[in-house]
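Student: For reference, the structure I am asking about is given below.
The values are calculated or read from the model by the stated rules, or taken from the named source; none is laboratory data. Since the model is a prediction, treat every value here as computed from it, not as a measurement. Cβ atoms come from the backbone with ideal geometry, glycine included; neighbour counts cover every protein chain shown.
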Amino acid sequence: MSAGGATVILAAGDFPRRGGEARRILESAVRIVCCDGAADALRRNLRREPDAVVGDCDSLRGRFANVVKVAEQDTNDLAKAARYCAERGWRKPVLLGATGRREDHTIGNVFRALDLGLEIVTDHGRFVPVEGRASLRVRKGAAVSVFAPDRDTRMTSKGLVWPLDGVRFDNLYCATLNRASSVVVRLEASRKVCVFIAF
């Protein structure tokens, strides 16, 4: 699981629900960088002010102290917020609020986070970017899905009911709907893959 006390990037999808892992991470965050209109949701739901609001500000309703308006449209607000964090040396921010509300934004955010190397935590699980070797702590029996955008990806695995050794990734979703057979899943991937682990 992701540790509390992290830097959080909060996107404008579903706001983390009370009692969940995503909400715990948000409430214990050292700093919160909001993507545009997510700042309004943070203020409304937690009565907390963001450390920064980054984006094109097309959906921001309230007035905030530290607004970083980036007008260019070549990237989305998530990429702008991640760049803002990287420029300040805030390593490995956790992405919350990246799913829900709009399916196109959800899909875009999942694969943008993979490109950026960011972990997403939702009310239902987490998306973890993996390239090379990784050991992931999970709940035994948890649903585990692997999305490989590159067809040339080669993988090996330990701790899954259906091993991924030798799987040909002919499509993005051919390694979904697996299960953890132990509390640690070990993966090795030759290219970037996105691993979803259900809580």
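Student: Limited to region 1-28, what total is found for residues that are part of a loop (DSSP other than H, G, I, E, B), among the aliphatic types (A, V, I, L, M) and in contact (Cβ under 8 Å) with a residue 40 or more places away in the chain? Working first, answer last.
Tutor: Initially, region 1-28 is screened for residues part of a loop (DSSP other than H, G, I, E, B), giving 1-6, 11-20, 28.
When the remaining residues are screened for being among the aliphatic types (A, V, I, L, M), the result is 1, 3, 6, 11-12.
Subsequent filtering for residues that are in contact (Cβ under 8 Å) with a residue 40 or more places away in the chain retains 1, 6, 11-12.
The number of residues fulfilling the criteria is 4.
Student: Would you pick out the residues in region 114-137 that are closer than 14 Å to residue 196 by Cα, in contact (Cβ under 8 Å) with a residue 40 or more places away in the chain and either part of a helix (DSSP H, G or I) or within 11 Å of the chain's Cα centre (by Cα) (or both)?
Tutor: Answer for region 114-137, where residues must be closer than 14 Å to residue 196 by Cα, in contact (Cβ under 8 Å) with a residue 40 or more places away in the chain and either part of a helix (DSSP H, G or I) or within 11 Å of the chain's Cα centre (by Cα) (or both): 114, 118, 119, 121, 122, 125, 126, 127, 128, 129.
Student: I've got another one for you. Within region 103-110, does at least one residue satisfy the condition of being outside the structural domain of residue 188 (by TED's automatic domain parsing), among the small types (Gly, Ala, Ser) and touching a Ser or Thr at 6+ places or on another chain (Cβ under 8 Å)?
Tutor: Going through region 103-110, the residues outside the structural domain of residue 188 (by TED's automatic domain parsing) turn out to be 103-110.
With the extra rule that they be among the small types (Gly, Ala, Ser), the set shrinks to 108.
Going one step further and asking which of them are touching a Ser or Thr at 6+ places or on another chain (Cβ under 8 Å), we end up with none.
The answer is no, given that none of the residues of region 103-110 is outside the structural domain of residue 188 (by TED's automatic domain parsing), among the small types (Gly, Ala, Ser) and touching a Ser or Thr at 6+ places or on another chain (Cβ under 8 Å).
Student: So is residue 110 part of a strand (DSSP E or B), closer than 29 Å to residue 192 by Cα and either at pLDDT 95 or above or not polar (S, T, N, Q) (or both) or not?
Tutor: No; evaluated as a whole, the condition is false for this residue.
Student: Out of curiosity, is residue 104 surrounded by fewer than 13 Cβ atoms within 10 Å (Cβ to Cβ), modelled with pLDDT of 90 or more and under 20 Å from the mean Cα position of the chain (by Cα)?
Tutor: Numbers: surrounded by fewer than 13 Cβ atoms within 10 Å (Cβ to Cβ): yes; modelled with pLDDT of 90 or more: yes; under 20 Å from the mean Cα position of the chain (by Cα): yes.
For residue 104, the condition - surrounded by fewer than 13 Cβ atoms within 10 Å (Cβ to Cβ), modelled with pLDDT of 90 or more and under 20 Å from the mean Cα position of the chain (by Cα) - is met.
Student: Next question, about the same structure. Kindly establish whether residue 138 is surrounded by 14 or more Cβ atoms within 10 Å (Cβ to Cβ), modelled with pLDDT of 95 or more, over 12 Å from residue 9 (Cβ atoms) and out of contact with any Asp or Glu (no Cβ under 8 Å at 6 or more places or on another chain).
Tutor: yes
Student: Then there is this: Among the listed residues 12, 22, 29, identify the single one that is surrounded by 16 or more Cβ atoms within 10 Å (Cβ to Cβ) and either outside the structural domain of residue 101 (by TED's automatic domain parsing) or more than 18 Å from residue 99 (Cα to Cα) (or both).
Tutor: Just one listed residue meets the conditions, 29.
Student: Of all residues in region 73-88 being among the aliphatic types (A, V, I, L, M) and surrounded by 14 or more Cβ atoms within 10 Å (Cβ to Cβ), which is farthest from residue 8 (Cα to Cα)?
Tutor: Ranking the qualifying residues of region 73-88, first place goes to 79.
Student: Still on this structure, I have one more. If you scan region 138-166, which residues turn out to be part of a loop (DSSP other than H, G, I, E, B) and either among the small types (Gly, Ala, Ser) or within 17 Å of residue 124 (Cβ to Cβ) (or both)?
Tutor: 138, 139, 141, 142, 148, 159, 166
Student: Moving to a separate point now. Among the listed residues 191, 154, 179, 186, identify the single one that is over 20 Å from residue 114 (Cα atoms) and either surrounded by fewer than 19 Cβ atoms within 10 Å (Cβ to Cβ) or out of contact with any Cys (no Cβ under 6 Å at 6 or more places or on another chain) (or both).
Tutor: 179
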